[in-house]
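The values are calculated or read from the model by the stated rules, or taken from the named source; none is laboratory data. What you are looking at is a predicted structure, and each value in this text was computed from that prediction instead of being measured. Note: ideal-geometry Cβ built from the backbone for every residue, glycine included; neighbour counts use all protein chains shown.
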Amino acid sequence: MTAGYRQLGRPFQASIGAHIHPSRTCSPAHFYLKIRIAHARDIIRSSHLPITEIAMMCRVECSSCLSRCYRAVFGIPPARIALKE
């Protein structure tokens, strides 16, 4: 017996997703992406590694995907944070 994506998403939403932001729904994939982007932010702040390498470390598809997601979550591109440090 296998469980479908929606079948697994409902219990996740009831337990974890509602605590993240009560007015929004958050899928397991989106939640995991936010964790990876937050990890990327920590690496950017603490090292001088290129964005491409950080994307690989955080299991993001490519550096442009990391930049796009980072900007969506934090409002600024990761390159701007790297230049400030």
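Of the residues Cys26, Cys58, the single one that is modelled with pLDDT under 90 and either under 15 Å from the mean Cα position of the chain (by Cα) or within 27 Å of Gln7 (Cα to Cα) (or both) is Cys26.
Quick one: which of Ile51, Ile16 is out of contact with any Asp or Glu (no Cβ under 7 Å at 6 or more places or on another chain), at pLDDT 90 or above and at negative phi?
Details: Ile16 fails: at pLDDT 90 or above.
None of the other options fit; the residue is Ile51.
Within the range 39-52, residues that are free of Cβ contacts under 8 Å to residues at least 24 places away in the same chain reach partners that are surrounded by 14 or more Cβ atoms within 10 Å (Cβ to Cβ) and in a helix (DSSP H, G or I) with beta carbons closer than 6 Å, at six or more positions or on different chains, in the pairs Ile43/Ile54; Thr52/Ser63.
Every listed requirement among (1) modelled with pLDDT of 70 or more; (2) surrounded by fewer than 15 Cβ atoms within 10 Å (Cβ to Cβ); (3) under 17 Å from the mean Cα position of the chain (by Cα) is met by Gly4 save one, (3).
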